1. Quick one: which bits of segment C:61-92 get at least 30 Å² less accessible when the partner protein chains are in, versus the chain alone, with a 1.4 Å probe?
2. Excluding C:ILE91 itself, calculate the net charge of residues whose Cβ lies under 11 Å from the Cβ of C:ILE91, where each Lys or Arg counts +1 and each Asp or Glu counts -1.
3. Rg to Rh ratio, the protein assembly as shown, alpha-carbon atoms and Kirkwood radius?
4. For an R0 of 45 angstrom, estimate the FRET efficiency from the Cβ-Cβ distance between B:LYS136 and C:MET165 and round to the nearest 0.05.
5. Rounded to whole Hz and in sequence order, give me ³J(HN,Hα) for segment C:94-106 from the Karplus expression 6.51 cos²θ - 1.76 cosθ + 1.60, θ = phi - 60°, writing x for Gly and Pro.
6. Using only Cα atoms, tell me the angle between helix B:264-279 and the longest principal axis of chain B; keep it within 0 to 90° and round to the nearest 10.
7. Going by amide H atoms built from the backbone, whose H comes under 5 Å of the H on B:ARG247, apart from near neighbours?
8. Please give the total accessible area that chains A and C bury against each other, computed with a 1.4 Å probe and expressed in Å² to the nearest 100.
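The values are calculated or read from the model by the stated rules, or taken from the named source; none is laboratory data. These numbers were taken from a predicted model, which means no experiment stands behind them. Cβ atoms come from the backbone with ideal geometry, glycine included; neighbour counts cover every protein chain shown. These accessible areas exclude ligands, DNA and RNA; they are computed on the full protein's heavy atoms, side chains included. Shrake-Rupley method; radii C 1.70, N 1.55, O 1.52, S 1.80 Å.
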Amino acid sequence: MIKGTVKIDAKICKGCELCIVACPQNALALSPNFNDKGYRYVELIYDACTGCVNCALVCPEAAITVYRQAKSSKKSQLKSE
Amino acid sequence: MEKEIRKEEPRLMKGNEALAEAAIRADIDAYFGYPITPQSEVIEYLMREVPNRKDKKIVVLQAESEVASINMVYGAAGAGARVMTSSSSPGISLMQEGISYIASAQLPCLIVNVVRGGPGLGTIQPSQGDYFQATKGGGHGDYHLIVLAPASVQEMADFVFDAFHLAEKYRNPAMILADGALGQMMEKVVLPPDGGLSKQPKPWATTGKTKDRNHNIITSLFIQPEEMEKVNLELQKKYEAMQSEVRWEEFQTDDAEILLVAFGLSARICQKVVDLGREKGIKIGLLRPITLYPFPYKRIDELADKVEFILDVEMNAGQMVEDVRLAVEGKVPVYFKGRMGGMIATPEEILQEIEAIHEKQNVLHD
Amino acid sequence: MNEKLLLDDGTELEQVFCRPDTLTDVPYHYCPGCGHSVVHNVLMEVVDELDIQDKTIGVAPVGCSVFAYHYMNIDMQEAAHGRACAVATGIKRVLPDKLVFTYQGDGDLAAIGTAETIHTVNRGENILIVFINNGIYGMTGGQMAPTTLPGMVTSTSPYGRDIHMSGYPLKITELAAQLPGAYYVTRQSVHNPNAVRKLKKAVTKAFEYQMQNKGTCFIEVVSNCPSGWKMTPVETIKYLEEVMFPYYPLGDVKVPKE
Ligand SMILES: Cc1ncc(C[n+]2csc(CCOP(=O)(O)OP(=O)(O)O)c2C)c(N)n1
Ligand code: SF4
Ligand SMILES: [Mg+2]
């Protein structure tokens, strides 16, 4: 698996859950906590993110930054799988 | 503005065409309009002439409606262009929403209304029935246009320059309020000099955000009441400053005992009334407001101290007369003489009215 | 986009997606899950990628997206309800080298602004029209739009849109495609990641066509209005797929003959 992760700007997240539905790894979920605007925000709940960018593409708030394993290291990773 | 000495030969031109030619010489960047009598010659002239002026880069576009025209004007003005439109009464009514937006967004532009008789589709004959609409705002909200009222073909041309000068100085839409007769009649005119109106930079215009500045926004939306009030106060301050641009003309007011107040075509007729009256020994004077907004309240008030009464003459049911009464504040009686629906009072008719009032006044005084 | 991140296990990650540079830091006022925001993101991403911030001028008329200028860090003009195409025409005619786009709702573009829309496309005005079809008047609180589907409940069609009274949903995109001035007409959506990718391609193409002076490009985005539809954002995805797309099929409606 390619490794990735996301950083979600909890301050501007409105908890619309569209990213949760878009994530093929089911790695996102609503936090039990609320942000200053009163929304439950989305969090990465476990370490399955592949950095596919799907969540960020559908995020209305442009609140998600996505990171992915560098291309070079990705290749070696794939081979070893 | 100072009148420069013009070397050009006089030409015989229609008012609408003189205005269109002046627009070319004022280096407009764009004209957007929709045909309507009695002003279609403006767009016709521009369509015909502009392609022959290889030194000019002027967009002339026939829009699908006056609604589209005025919004094209808004867009182009926001993008920093010197831009205008022209129409006649029903078309100007259609433009009102857009004019209100332009006033609120504080964009300079020129709107020409060659007024015809109304209400409704009315008649294509000349009228001054759009005075209220022009001077009191016309559309929604608290705003004013700068309004210039020409009384000759010469002024149809000259006021294009004056209107753009003022519009750009105050970042405010300006209107030339003419009428069907001024648009259609032919007179001698010495055209304003080509390229005689310089262009100042417009750093607020939407020309594409460069790295060295914040993005420019043209808007009339101020959703927070505090902000909306602030914008309104700013506008009111601007209108206050615009009062210094007030212009009028006087004929034989020095010794006048009776004052005529009239604008545009009516003022020309009243000039004749002054002459006819004086031949009969009646000391009549005339004040012609040239700017209808700002309005020469103060000067009318001063003259009111010296005259027996005022007769306001218009081609409508009595619109400017309300401003004259405001100026005078009851000091002397203000009477009104008007014809409507495209009818124009003759000098004799007006003089008769004066004589009748005069008689009535004397009876009252006895 | 070259920020790196080091995971605990030593894997080096590189940033592959972030908020577009040409968006301001102002948080959107849109309701949670509203498609307007996604389309804004896509537009500004394309502006970034084509490096056209200094050339692009947007026009946002009245509708939920009237405040687009708070978010898009480009020169923008607000327009009266329905008049975006006329305003854009005014801008483009005096600044023909700039890239001009409108961003209009369905009420704006297909009801009150129909005349301006049709005539702008018919003139082949060299601009991009972005048309957000959410089947409703979002801003004013969920009234019936010209695009509202038969039977759809809105605050002014409380028993469902009755076609005998209000006529049929207007497929103005197909109408626009009929006009010779239309160069590229497409219907897209933003309801899932692939749809967003496709929209981005369409927007990129449209700006490129504009640079080549090809004429009007028209992109409809069949979008949602969770508040007006009285659904959760996730429920709107299903509604889009099951109800909206059958009536407003996705895909290109007119592609350049080349
Ligand atoms: C002349 C005029 N009429 C009506 C309105 C009120 N109004 C504002 S937005 C709107 C409808 C917006 O719907 P749409 O264009 O579909 O945009 P959305 O909010 O759905 O994105 C209406 C009717 C207005 N602002 N101006
Ligand atoms: S009302 Fe509808 S269209 Fe407007 S922001 Fe909310 S969800 Fe979006
Ligand atoms: Mg809508």
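1. Listed by number, the residues meeting the 30 Å² cut-off are C:PHE67, C:TYR69, C:ASN73, C:ASP75, C:MET76, C:GLN77, C:GLU78, C:ALA80, C:ARG83, C:ALA86, C:VAL87, C:GLY90.
2. With Lys, Arg at +1 and Asp, Glu at -1, the net is +1.
3. Using only Cα positions, Rg/Rh for the protein assembly as shown is 1.09.
4. Result of the calculation: an efficiency of 0.70.
5. With coefficients 6.51, -1.76 and 1.60, one gets 8, 10, x, 8, 8, 9, 10, 9, 10, 9, 10, x, 6 Hz.
6. 20
7. B:ILE290, B:THR291
8. Chains A and C together bury approximately 2600 Å².
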